[in-house]
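*Asks:* This is the structure, below, for whatever I ask next.
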Amino acid sequence: DFSNLFARDLLPAKNGEEPTIQFLLEMVDILTTYVKKTFDRSTKVLDFHHPHQLLEGMEGFNLELSDQPESLEQILVDCRDTLKYGVRTGHPRFFNQLSSGLDIIGLAGEWLTSTANTNMFTYEIAPVFVLMEQLTLKKMREMIGWPNGEGDGIFSPGGAISNMYSVMIARYKYYPEVKTKGMSAAPRLVLFTSEHSHYSIKKAGAALGQGYGSLFLTPGSFVSSRPPILQWLCVLLLQGYVPLFVNATAGSTVYGAFDPINEIADICEKYNLWLHVDGAWGGGLLMSRKHRHKLNGVERANSVTWNPHKMMGVPLQCSAILGILAGCNSMCAGYLFQPDKQYDVNYDTGDKAIQCGRHVDIFKFWLMWKAKGTIGFEQHIDRCLDLSQYLYNKIKNREGYQMVFDGPQHTNVCFWYIPPSLRDMPDGEERREKLHRVAPKIKAMMMESGTTMVGYQPQGKNVNFFRMVVSNLAATQSDIDFLIDEIERLGRD
Ligand code: ABU
């Protein structure tokens, strides 16, 4: 009975051991019940409520904070309700995001990480985690193909930050004085990326003081737009701009497209530009002997973003920036990074980061790698790509579907569902407007019924279409069949 117990009765309180153990066991029960239900297809993916409904308070669940403590009984109810009104991103029918799934080893790793509750900035307080990070990053660099896995890297709070690191280290390499003098120490720098690349490259330009106007977007992906890059380079050079950096995307967010890294690397070498490969989504394919050729040339990159929390199913967050970071961000804060410690202070890796405090993202990933082996990640990736091919084959000639592009390169399958009333309508503005409203409407109904979730978006001239992605090992062909049935059920006129 927790109704008369409060947080103050738990450790370090006197005689707090027994209630602490009982409370944690109850918590484990809540979490394991949630885990079991997540894999049970008769459980909904979500129990949708509008923000105002949750803010007004549901029965027994009040988000407001109070001055007086709640009993542990209420705290346990709050925990159950937090999970109840959340989204089961590990459910086999959750296809909404690039990161999905609920890996049990990864989950156990995250529990351990929170229990250890340490900070990644120094070996002094995170000796084992720092070494795990170093070893894992080296292994990742070996998979990229850098000689002997040489180089550097760090885990960061997500792909956008990893991409921002890439711009920072490029700028530091060519214009190190920017670190002390700011942008006045650099000419007008230009970054290149494709229209289909992640918006974080643009954000990096803005955040780093170059302005996102310093970014040149090539239409579509780089596959079709190499000549315009070259042309722009020449024009820019004549106008006094200095091209600095090219981002090649390995697995674009919406289409899952892979830029031709070798061709882009040729241009970068010719013009002495930094080559970054954003493999946040596609980096995982390096683990697959069948699919890694899609990143051919990645070994020629100066820096690489790779998010194991996406295609490799590692619990959020787990994103790596690989490249040479040393010196770029170091401030040598004397209270933390004392040079006269008794151990090799090269292992005080925190000074490479733009953060000070840094969460331990490595342990769950390292533990999963131990538990699955490289071969386990390979099987995960091959299976997810096979499943996407199954979906593509199933709908490419099916009545009521139109593909946005042929032949998926990653697990992204993009398509319009055409309701019966639009099937015979001639192409034109009216049809486009109507079609634009179809995916959001079906998605809203999907969320209200809680049966499945899949993303949608417009892209360029294309009106709203569904983007299906698979990264969850729990998904099967029957879940793909379910999604299609559900779209057709909800999309009936
Ligand atoms: N680039 C962040 C992930 C976006 C997505 O899950 O669709």
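Conditions tested, residue by residue: (1) assigned to a loop (DSSP other than H, G, I, E, B); (2) in the same structural domain as S288 (by TED's automatic domain parsing); (3) touching a Leu at 6+ places or on another chain (Cβ under 9 Å).
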| position | (1), (2), (3) |
| --- | --- |
| C332 | yes, yes, no |
| Y335 | yes, yes, no |
| P339 | yes, yes, no |
| Q342 | yes, yes, no |
| N346 | no, yes, no |
| D351 | no, yes, yes |
| I354 | yes, yes, no |
| F365 | no, no, no |
| F377 | no, no, no |
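*Asks:* Give the residue that is nearest to the ligand (Cβ to nearest atom), with candidates limited to residues of region 148-200 that are under 15 Å from the mean Cα position of the chain (by Cα) and among the polar types (S, T, N, Q).
*Replies:* The extreme case among them is S200.
*Asks:* What's the total number of residues in region 269-293 that are crowded, with 21+ Cβ neighbours inside 10 Å and outside any loop (DSSP other than H, G, I, E, B)?
*Replies:* The total comes to 11.
*Asks:* So which of T82, T89 is within 30 Å of I487 (Cα to Cα), without any contact (Cβ under 8 Å) to a residue 24 or more places away in the chain and surrounded by 15 or more Cβ atoms within 10 Å (Cβ to Cβ)?
*Replies:* Details: T82 fails: surrounded by 15 or more Cβ atoms within 10 Å (Cβ to Cβ).
Exactly one of T82, T89 is within 30 Å of I487 (Cα to Cα), without any contact (Cβ under 8 Å) to a residue 24 or more places away in the chain and surrounded by 15 or more Cβ atoms within 10 Å (Cβ to Cβ), namely T89.
*Asks:* Further, regarding this structure: Taking region 201-225 as the search range and keeping residues that are under 18 Å from V404 (Cα atoms) and surrounded by fewer than 18 Cβ atoms within 10 Å (Cβ to Cβ), which one is nearest to the ligand (Cβ to nearest atom)?
*Replies:* Among residues in region 201-225 that are under 18 Å from V404 (Cα atoms) and surrounded by fewer than 18 Cβ atoms within 10 Å (Cβ to Cβ), the one nearest to the ligand (Cβ to nearest atom) is G220.
*Asks:* Could you look through region 307-354, keep only residues that are among the acidic types (D, E) and surrounded by 17 or more Cβ atoms within 10 Å (Cβ to Cβ), and pick out the one that is farthest from A250 (Cα to Cα)?
*Replies:* If we filter region 307-354 for residues that are among the acidic types (D, E), which is where we start, we get 340, 344, 348, 351.
The next check asks that each one be surrounded by 17 or more Cβ atoms within 10 Å (Cβ to Cβ); those that pass are 348, 351.
Details: D348: 31, D351: 29 Å.
By that ranking, first place goes to D348.
*Asks:* Wholly within region 131-249, which strands (runs of 3 or more DSSP E) include no fewer than the required count, namely at least 1 residues that are in contact with a Ser or Thr (Cβ under 9 Å, 6 or more places away or on another chain) and either outside the structural domain of P260 (by TED's automatic domain parsing) or closer than 20 Å to W306 by Cα (or both)?
*Replies:* Details: elements: 153-156, 188-194, 215-218, 241-249.
Answer list for region 131-249: 153-156, 188-194, 241-249.
*Asks:* Does at least one position in region 128-140 carry a residue that is surrounded by fewer than 19 Cβ atoms within 10 Å (Cβ to Cβ), aliphatic (A, V, I, L, M) and either under 25 Å from A250 (Cβ atoms) or within 16 Å of the ligand (Cβ to nearest atom) (or both)?
*Replies:* As a first pass, look at region 128-140 and keep what is surrounded by fewer than 19 Cβ atoms within 10 Å (Cβ to Cβ): 128, 131, 134-135, 138-139.
Filter once more, keeping what is aliphatic (A, V, I, L, M): 128, 131, 135.
Then drop every residue that is not either under 25 Å from A250 (Cβ atoms) or within 16 Å of the ligand (Cβ to nearest atom) (or both), which leaves 135.
Yes, region 128-140 contains a residue that is surrounded by fewer than 19 Cβ atoms within 10 Å (Cβ to Cβ), aliphatic (A, V, I, L, M) and either under 25 Å from A250 (Cβ atoms) or within 16 Å of the ligand (Cβ to nearest atom) (or both).
*Asks:* Name the strands (runs of 3 or more DSSP E) wholly within region 394-469 that hold at least 2 residues that are within 16 Å of the ligand (Cβ to nearest atom), touching a residue at least 40 places away in the same chain (Cβ under 8 Å) and not assigned by TED's automatic domain parsing to the domain that holds S42? It would help to see each step written out before you state the result.
*Replies:* On the way: elements: 401-403, 413-417, 453-459, 462-468.
Of the strands (runs of 3 or more DSSP E) lying wholly inside region 394-469, those with at least 2 residues that are within 16 Å of the ligand (Cβ to nearest atom), touching a residue at least 40 places away in the same chain (Cβ under 8 Å) and not assigned by TED's automatic domain parsing to the domain that holds S42 span 413-417, 453-459, 462-468.
*Asks:* Another one. Any idea which residue in region 1-36 is farthest from L112 (Cα to Cα), counting only those that are without any contact (Cβ under 8 Å) to a residue 12 or more places away in the chain and charged (D, E, K, R)?
*Replies:* So the residue we want is K14.
*Asks:* Another question, if that's okay. Answer yes if at least one residue in region 227-240 is within 16 Å of the ligand (Cβ to nearest atom) and over 18 Å from G205 (Cβ atoms), and no otherwise. Before the answer, list the steps.
*Replies:* Narrowing region 227-240 to residues within 16 Å of the ligand (Cβ to nearest atom): none.
The answer is no; no qualifying residue exists.
*Asks:* Given the structure, is G60 among the small types (G, A, S) and either at pLDDT below 95 or surrounded by 14 or more Cβ atoms within 10 Å (Cβ to Cβ) (or both)?
*Replies:* Numbers: among the small types (G, A, S): yes; either at pLDDT below 95 or surrounded by 14 or more Cβ atoms within 10 Å (Cβ to Cβ) (or both): yes.
Criteria met by G60.
*Asks:* Taking G407 and the conditions (1) at pLDDT below 95; (2) surrounded by 14 or more Cβ atoms within 10 Å (Cβ to Cβ), which numbered condition does it fall short on, given that it satisfies the others?
*Replies:* (2)
*Asks:* Further question on the same structure: Which one of the conditions (1) within 15 Å of the ligand (Cβ to nearest atom); (2) modelled with pLDDT under 95 does A280 fail to meet, given that it meets all the rest?
*Replies:* Exception for A280: condition (2).
*Asks:* Is it the case that I381 is in contact with an Asp or Glu (Cβ under 7 Å, 6 or more places away or on another chain), crowded, with 20+ Cβ neighbours inside 10 Å and touching a residue at least 12 places away in the same chain (Cβ under 8 Å)? Before you say what the answer is, go through the steps one by one.
*Replies:* Numbers: in contact with an Asp or Glu (Cβ under 7 Å, 6 or more places away or on another chain): no; crowded, with 20+ Cβ neighbours inside 10 Å: yes; touching a residue at least 12 places away in the same chain (Cβ under 8 Å): yes.
No: the conditions fail for I381.
*Asks:* Mind checking which residues of region 470-493 are more than 16 Å from the ligand (Cβ to nearest atom), outside any helix (DSSP H, G or I) and not small (G, A, S)? Outline the logic, then answer.
*Replies:* Applying the first criterion (more than 16 Å from the ligand (Cβ to nearest atom)) to region 470-493 yields 473-474, 476-493.
The next check asks that each one be outside any helix (DSSP H, G or I); those that pass are 473-474, 476, 491-493.
The answer is L473, T476, R492, D493.
*Asks:* Of I375, I395, which residue is at pLDDT 95 or above and crowded, with 18+ Cβ neighbours inside 10 Å?
*Replies:* The unique qualifying residue is I395.
*Asks:* Go through F95, F39, F48 for me and flag whichever is within 16 Å of the ligand (Cβ to nearest atom) and of a type outside the set (G, A, S).
*Replies:* On the way: F39 fails: within 16 Å of the ligand (Cβ to nearest atom); F48 fails: within 16 Å of the ligand (Cβ to nearest atom).
Of the residues listed, the single one that is within 16 Å of the ligand (Cβ to nearest atom) and of a type outside the set (G, A, S) is F95.
The values are calculated or read from the model by the stated rules, or taken from the named source; none is laboratory data. Just so you know, these numbers come straight off a predicted model, no measurement behind them. Cβ: placed from backbone, ideal geometry, glycine included. Neighbour counts: every protein chain shown.
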